[in-house]
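Contents: one structure, followed by commentary.
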Amino acid sequence: MKISIIGTGYVGLVTGVCLSDFNTVYCIDNDKAKINMLNKGTIPIYEPGLNHIMQKNVKNKRLFFTSDLSSTIQKTDILIIAVGTPQNEKGAADLSNVFKVIKIIAASINNYKLIVIKSTVPVGTCKKIESIIRKSADKNAQFDVISNPEFLREGKAIKDFKNPDRIIVGINNMGQSSKAKKIMEIIYKPFLKAKNNIYFMDTNSSELTKYASNAMLALRISFINELANLCSLTDANIDDVRIGVGSDKRIGKLFLYPGIGYGGSCFPKDVKALYQTSIEKNYDFKLLKALDNANSHQKQILIEYILKHFNSNIKNKTFTLWGLSFKPETDDIREAPSLAIISKLLSHGAKIKAYDPIAIDNAKRIFPQIDYFNNMYDALKNSDGLIIATEWNNFKAPNFNTIKTLLNHKVIFDGRNIYDFKKMKNLGFDYYSIGRKPIIINK
Ligand SMILES: NC(=O)c1ccc[n+]([C@@H]2O[C@H](COP(=O)([O-])OP(=O)(O)OC[C@H]3O[C@@H](n4cnc5c(N)ncnc54)[C@H](O)[C@@H]3O)[C@@H](O)[C@H]2O)c1
């Protein structure tokens with residue numbers, strides 16, 4: 001099959017690279033600098049395992065990168081749209097990137113096109129796109145607009161794409177002989193193994209499934225975070241409560257880890273966008289509003305501890321932040337809790353030293369004024385406290401003696417509960433974590 005992927009970001013690049021194992025794929029982006037980089041063999045994002053498959057398929061002439069949308073549309077049959085759908089000022093999904101692409105597709109259709117909407121879009125978007133193309137394209141134009149939301153996780157994207165839990169495909173008026181359905185079955189066959197985990201439904205249901213999945217996961221995270229906050233006030237220990245609750249098969253243990261809030265390019269914006277959809281339909285989806293508020297509050301939990309520890313005066317104090325990305329194994333800092341923490345500390349007149357294995361370049365674009373280090377221990381020299389904002393593996397078993405020697409104040413604010421609570425009691429630090437009683441010995 002000949003496939004265009006329009007939008008070569010975290011989703012589009014992974015999709016294009018993985019599909020090029022079995023098809024001829026053109027990855028298209030209007031960011032020419034990104035396309036130039038890719039054509040030189042450089043990957044603009046950090047995603048483990050991506051480089052190897054990309055190089056192999058470029059060499060075998062199955063994978064191409066271009067900025068030329070119109071002519072590439074004409075030489076391919078399947079157009080997968082994976083452009084960004086960020087939130088607008090109201091919190092709804094901004095679909096301007098999608099509609100720009102649709103306008104060009106409508107003007108370029110030469111033969112049958114299967115237009116696959118992989119970007120996360122609000123319920124009803126595929127139907128809207130279909131009617132836009134019907135109105136503006138040649139009246140003989142043949143095409144289908146279908147929904148195929150993506151569920152991959154950054155950092156595990158290759159594994160997720162190649163071994164999906166499920167594939168959701170939304171097709172309207174789908175009869176036995178649906179061309180769109182047959183094409184989607186062929187495209188995904190190599191990734192389905194023995195499991196029959198491709199689910200066909202109408203486009204509205206498919207679009208809503210994507211938002212519902214992210215909102216449900218965000219809800220679990222916000223629930224355990226709020227429970228952790230209650231634990232801190234009751235001397236209960238969230239580690240034990242989490243295991244006790246999660247051991248119920250009906251509940252399960254996944255996505256029940258307390259922390260400093262969810263971030264990234266999906267959960268925050270998708271929760272907000274789903275809420276806006278409910279408002280547009282004159283329905284107030286109260287839970288969504290509540291979990292969005294809970295998450296904003298959670299991002300400030302460590303700040304509350306920091307201010308309390310330093311008697312509300314942190315002007316000219318220096319803090320070291322370990323971790324900038326919104327989660328480990330990615331360089332993505334969109335909506336990362338670290339950003340909220342840095343902003344707040346700066347507004348109180350504090351100074352910041354930061355270390356992250358791969359997200360420093362992205363953070364520099366937002367906070368050029370803070371000091372960045374390529375070594376996690378160098379970032380600790382003469383600092384008044386260590387803040388852990390991302391649970392990277394190399395933070396999990398550090399040399400505590402070195403940390404103690406380098407810090408001015410022996411205090412750790414652990415936003416990810418990466419250290420064993422019982423062990424921390426004997427290490428000589430003041431230690432604040434989430435949903436566990438603060439350990440105060442030096443103050
Ligand atoms: N990142 C994730 O983990 C993830 C997971 C599932 C779904 N999604 C959804 O997938 C979509 C893409 O997300 P992403 O994280 O890959 O975004 P991204 O910002 O990393 O990439 C989007 C790309 O689209 C390009 N683009 C924008 N307008 C364009 C246009 N008119 N023509 C050509 N290219 C254009 C941008 O230059 C960019 O490279 C979003 O709707 C997102 O919600 C993301």
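Just so it is clear, none of the values below were taken in a lab; they were calculated from the coordinates. If you're wondering where the values come from, they're calculated on a predicted model, not measured in any experiment. Here the Cβ positions follow ideal geometry from the backbone for every residue, glycine too, while neighbour counts run over all protein chains shown.
How about Lys286: which aspartates and glutamates have a C-alpha closer than 18 Å to its C-alpha, ignoring those fewer than 8 places off in the same chain?
Answer for Lys286, where 18 Å is the Cα cut-off: Glu226, Asp270, listed by chain and number.
Which of the pairs Lys162/Lys210; Lys100/Lys179; Lys103/Lys189; Lys308/Lys425; Lys317/Lys443 have their Cα atoms more than 23 Å apart in this structure? Write down the numbers at each step before the final one.
Working: Lys162/Lys210 18 Å; Lys100/Lys179 26 Å; Lys103/Lys189 31 Å; Lys308/Lys425 20 Å; Lys317/Lys443 16 Å.
Those over the limit are Lys100/Lys179; Lys103/Lys189.
Mind giving me the FRET efficiency for Lys189 and Lys139? R0 is 41 Å, r the Cβ-Cβ distance, nearest 0.05 is fine.
0.75
So if I take the centroid of the Cα atoms in region 351-379 and the same for region 239-280, what is the distance between those two points in Å?
Taking the Cα centre of region 239-280 as reference, the centre of region 351-379 is 28 Å away.
Which value at 222 nm does the chain reach when only helices count, each DSSP H run of 4 or more adding -39,500 (n - 2.57), with the total divided by all residues and rounded to the nearest 500 deg cm²/dmol?
-12500 deg cm²/dmol
Tell me, in nm to one decimal, what length is gained between Lys103 and Asn39 on full extension, where the rule is 0.36 nm per residue of separation less the Cα-Cα distance?
Residue separation times 0.36 nm, minus the Cα-Cα distance, leaves 20.4 nm.
Please work out the FRET efficiency for the pair Asp77 and Lys289, using the Cβ-Cβ distance as r and a Förster radius of 51 Å; give the result to the nearest 0.05.
So, using R0 = 51 Å, E works out to roughly 0.75.
Of all DSSP beta bridges in the chain, what percent run antiparallel (nearest 5)?
5 percent
Extension gain Lys59-Ser247, at 0.36 nm per residue separation less the Cα-Cα distance, in nm?
Gain on extension, Lys59 to Ser247, equals 62.8 nm.
Calculated FRET efficiency, Arg153 and Asn110, Cβ-Cβ r, R0 56 Å, to nearest 0.05?
Numbers: r = 37 Å, r/R0 = 0.66.
So, using R0 = 56 Å, E works out to roughly 0.95.
Rank-order 317-327, 69-79 by packing density, defined as the average count of other C-beta atoms within 10 Å over each peptide's residues, highest first.
Order by mean packing, descending: 317-327, 69-79.
Hey, how many Å between the Cα centroid of region 168-201 and the Cα centroid of region 288-345?
42 Å
At what distance in angstrom do the alpha carbon centres of region 392-443 and region 1-71 lie from each other?
The two parts, judged by their Cα centres, are 43 Å apart.
Assuming 0.36 nm per residue, please report the length gained on full extension of the stretch Asn408 to Asp235 beyond their Cα-Cα distance.
Computed gain between Asn408 and Asp235 is 59.4 nm.
When ranked by the protection proxy of mean other Cβ atoms within 10 Å per residue, highest first, what sequence do the peptides 134-147, 392-405, 293-306 form?
293-306, 134-147, 392-405
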